[in-house]
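The values are calculated or read from the model by the stated rules, or taken from the named source; none is laboratory data. All figures in this text were calculated on a predicted structure; none of them were measured in a lab. Cβ coordinates were reconstructed from backbone atoms using ideal geometry, including for glycine residues, and neighbour counts include every protein chain displayed. Each accessible area value is taken on the protein alone, full model and side chains, heavy atoms only, with ligands, DNA and RNA left out. Shrake-Rupley method; radii C 1.70, N 1.55, O 1.52, S 1.80 Å.
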Amino acid sequence: MTDAVAAAAPTTRATDGRLTTADGKPLKAALARAQARNKRRAFFLVVPLLLFVVVTFLVPIGQMLSMSVNNSAFYSWKDRDTGDTIPLMVDLRGWFNENEPGTEPDEAAYAALAAGLAHARDIKAIGQIGTRINYEVSGTRSLFTGTSRKAERMEPPYKEAILDADEEWADPEIWAAMRSASKAFTLDFYLAALDRTRDADGNIVKVDEERAVYILLFQRTFVLSALITLMTLILGFPIAHLLATLPLRHSNLLMILVLLPFWTSLLVRTTSWIVLLQSQGVVNDLWVASGLIDDGNRLQMIYNRTGTIIAMTHILLPFMVLPLYSVMRPIDPSYVRAARSLGATSWTAFRRVYLPQTVPGIGAGGLLVFILAVGYYITPALVGGSSGQLISNLIAFHMQKSLNWSLAAALASLLLGAVLLLYWLYDRLVGIDNLKLG
Amino acid sequence: MALPSYASPLEKIWHYLYLVICALIFLFLIAPILIVVPLSFNAEPYFTFTEKMLSLDPTGYSMRWYDLLLTFGMENPEAPRDASWWADAWANAAWINAAKNSVIIGFFATILATFLGTLAALGLSRPEMPFRRTIMAILISPMIVPLIITATGLFFFYSSTGLANTYIGIIMAHATLGIPFVIITVTATLVGFDHSLTRAAASLGADPTTTFFKITMPLILPGVISGALFAFVTSFDEVVVVLFVAAHDQQTIPRQMWNGIREQISPAILSVATILVVISIALLTTVELLRRRSEKLRGVSPG
């Protein structure tokens with residue numbers, strides 16, 4: 001032992017019996033210093049990329065998370081020209097602070113509301129306020145814009161004046177919504193993303209049956225992803241097995257058939273499926289020509305759930321085949337032969353001997369395909385019609401069409417949570433180091 | 001996969017059935033990609049084979065959709081095809097402009113991703129790297145996190161920092177998406193790396209820089225190039241981030257395809273698809289050749 005250390009570094013034995021290097025430092029400290037230096041060196045190589053990913057990836061994700069609890073629409077307005085932030089509904093927020101939830105709005109509350117509405121209309125922020133409350137109580141946007149038009153000319157008593165303008169203001173739900181919109185941060189968007197809302201007393205309740213869409217869509221996303229994962233497993237297992245058992249020369253040629261789809265543009269593959277599956281497309285033509293179906297009853301295989309499942313199965317199949325292949329290749333064929341020689345039928349030998357050895361590949365491929373499927377956006381958007389849309393498509397809808405960015409961010413955060421959980425599981429079971437590409 | 005001589009008749013039937021099933025699955029994998037090639041030469045604006053195409057009549061085929069790629073968006077497509085016509089096409093044709101944008105964005109995103117990714121992979125593959133697992137998980141996550149989430153985050157971030165609608169913004173985003181591929185391929189190359197080679201170089205008097213460029217770099221170069229090609233393809237095929245953070249006039253090829261498929265799908269899309277399929281075949285061939293070369297260099301398995 002001592003000889004080995006002595007050979008590695010020039011050491012001398014100090015008088016007290018401890019090992020030291022040539023310049024008299026204790027060997028242990030010198031070794032620790034050298035290791036720390038190596039550590040730092042390795043770390044410095046990674047630092048530039050780490051900083052880059054923090055800026056272009058982690059910070060944006062953080063900003064999205066903060067957007068999902070952002071509640072400022074009701075109480076602050078950013079002037080587009082000057083860039084200043086102007087507080088809104090100051091008096092009303094003061095009234096909410098002084099009074100318990102569920103308090104009947106009194107004259108002071110209505111006066112504060114009238115002043116707030118007039119001010120918001122003055123600086124053209126009333127649309128933003130109305131939209132914010134409209135998220136909670138639908139159909140109230142016009143209530144805000146309509147009443148604000150009259151608010152400037154209102155005179156005391158304000159309660160009567162406002163209720164004169166529109167009776168709906170007596171609705172306690174609107175007051176509850178305004179109260180919850182006055183807080184600095186809110187979890188209301190998460191509630192909305194889970195089909196929940198607050199009633200007039202601030203209790204969390206389910207929304208009406210016909211407005212509950214998000215949980216249904218989360219469910220559909222997970223069920224369809226599981227189905228697609230199963231389909232890729234059923235299709236991927238036989239060819240991975242074939243590739244793994246053929247001699248390398250042949251399997252490398254066949255592997256190209258798996259890798260080419262992997263390298264082909266996603267949009268190209270999606271386009272091909274539209275071309276193949278549409279009602280005047282190649283597959284329907286083939287079936288009509290072969291007499292399987294009649295020209296009048298062409299199958300609707302695209303722009304619905306079927307289209308999403310077929311196209312996504314095709315697109316994600318290589319992600320199943322590659323991990324399966326890398327697990328199956330090193331399996332020694334003599335195990336199965338031994339089982340056969342001991343009297344097992346080929347089915348038993350497969351089930352009891354071969355299949356258990358492929359489980360790591362099934363797990364790795366399955367998790368990877370499932371993770372990728374859960375977040376798919378492009379393919380469902382192009383071939384999914386309305387019944388094949390996934391949760392990602394709804395996030396895009398709220399980002400681009402309804403412009404309810406906070407709700408989009410809340411939905412995205414929930415999806416992110418689910419994906420990160422699966423990613424953590426993947427790292428635990430498979431290890432990201434084992435991720436291979438071709 | 002040869003059938004053993006002791007196989008029973010039932011097993012023989014199953015064996016051939018299995019081969020047929022595998023052939024069908026391979027057909028399922030490859031047919032959708034190859035089907036667009038003949039269809040893109042259709043003389044009619046249909047997405048299926050016409051009678052004339054099936055009887056191999058030359059009049060059933062045409063280059064009209066490829067021609068449309070050039071003329072679409074031109075100021076004067078009817079003019080005689082001389083130098084000024086080509087100049088017009090180069091400057092104004094919508095698909096050519098989209099291709100230019102795609103190549104510019106892809107090129108710079110690839111450079112950025114490859115440089116930073118290779119450097120990090122060198123660090124990550126050292127045994128003394130601290131927090132290796134966590135850092136690796138963070139650096140790979142852009143590949144795992146759904147694109148729509150990344151795009152949403154980038155939209156908020158870029159609109160608050162003024163990077164929205166800029167080329168730099170898109171290039172940075174695409175580089176981030178390409179980095180996991182560079183890291184995976186380069187670390188895979190470094191797994192079998194023989195560290196005694198660098199030690200030998202050092203003992204012969206080479207300083208670390210010389211060692212890196214003369215010894216390490218040539219050995220890992222195939223992996224680096226594969227990673228770079230992966231990063232380029234990722235950027236070249238990316239549409240979600242572009243849809244969220246790019247300006248309206250910043251068209252790329254996938255974005256133009258996306259618009260084409262959503263609005264009015266025409267066979268011109270198929271001719272673009274054919275060109276992209278040809279490009280991907282070329283890239284795949286390059287990567288396969290590189291992989292074999294790398295395996296030969298490192299003396300791993302015979303390809």
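Sequence-distant contacts, meaning Cα pairs under 8 Å at least 6 residues apart, place the relative contact order of segment A:214-434 at 26 percent.
Here the Gaussian network model covers chain B, with springs between Cα atoms less than 10 Å apart; of B:29, B:139, B:177, B:29 fluctuates the most. Ligands, DNA and RNA are left out, and with a 1.4 angstrom probe the accessible area of chain B is 47 Å² per residue. Between exposed GluC sites (Glu not before Pro) in chain B, where DSSP calls loop and at most 12 other Cβ atoms lie within 10 Å, what's the longest gap? Longest run free of exposed loop sites: B:79-303. Only protein heavy atoms count here, probed at 1.4 Å, and on that basis chains B and A bury about 8600 Å² of accessible area in total.
Can you tell me the 0 to 90 degree angle between the C-alpha axis of helix A:27-53 and the longest principal axis of chain A, rounded to 10? Once rounded, the angle reads 50 degrees. Prolate is the label for segment B:100-265. Its Cα gyration tensor axes, ordered a ≥ b ≥ c, give a/c of at least 1.5 and a/b above b/c. Other protein chain C-beta atoms within 10 Å of residue C-beta, averaged over B:126-134: 5. Other residues within the sphere of radius under 12 Å centred on the Cβ of residue A:107, judged by their own Cβ, net out at -2 (K and R +1, D and E -1). Nonpolar atom fraction for the protein assembly as shown, defined as the carbon and sulfur part of the 1.4 Å probe accessible area, stands at 63 percent. Past 27 Å, Cα to Cα, is the threshold; run A:206/A:401; A:78/A:401; A:78/A:183; A:124/A:183; A:39/B:296 against it and keep the listed order. As for pairs spanning more than 27 Å Cα to Cα, those are A:39/B:296.
May I ask for the Rg/Rh ratio of the protein assembly as shown, computed from Cα atoms with Rh as the Kirkwood radius, given to two decimals? Ratio of gyration radius to Kirkwood radius: 1.05. If R0 is taken as 25 Å, the Cβ-Cβ distance between residue A:420 and residue A:59 corresponds to a FRET efficiency of 0.90.
For residue A:150, the aspartates and glutamates whose Cα falls under 20 Å of its own Cα, not counting residues fewer than eight places away in the same chain, are A:91, A:106, A:107, A:122, A:160, A:164, A:166, A:167, A:168, A:171. Relative contact order, whole percent, for chain B stands at 24, derived from Cα pairs under 8 Å and 6 or more residues apart.
Seen from residue A:384, the other residues with C-beta closer than 15 Å to its C-beta sum to a net charge of +4, counting Lys and Arg as +1 and Asp and Glu as -1. Of B:293, B:199, B:132, the residue with the greatest mean-square motion in the GNM of chain B, using alpha carbon springs below 10 Å, is B:199. Under the combined filter of DSSP loop state and at most 14 neighbouring Cβ atoms within 10 Å, segment A:126-167 retains these GluC sites (Glu not before Pro): A:152. The residues of segment A:261-285 occluded by other protein chains by 50 Å² or more of accessible area, set against the chain on its own, are A:263, A:267, A:268, A:271, A:272, A:275, A:282; surface from heavy atoms, 1.4 Å probe.
Accessible area per residue for segment A:179-276, computed on protein heavy atoms with a 1.4 Å probe, is 44 Å².
With contacts taken as Cα pairs under 8 Å at a separation of at least 6 residues, chain A carries a relative contact order of 14 percent.
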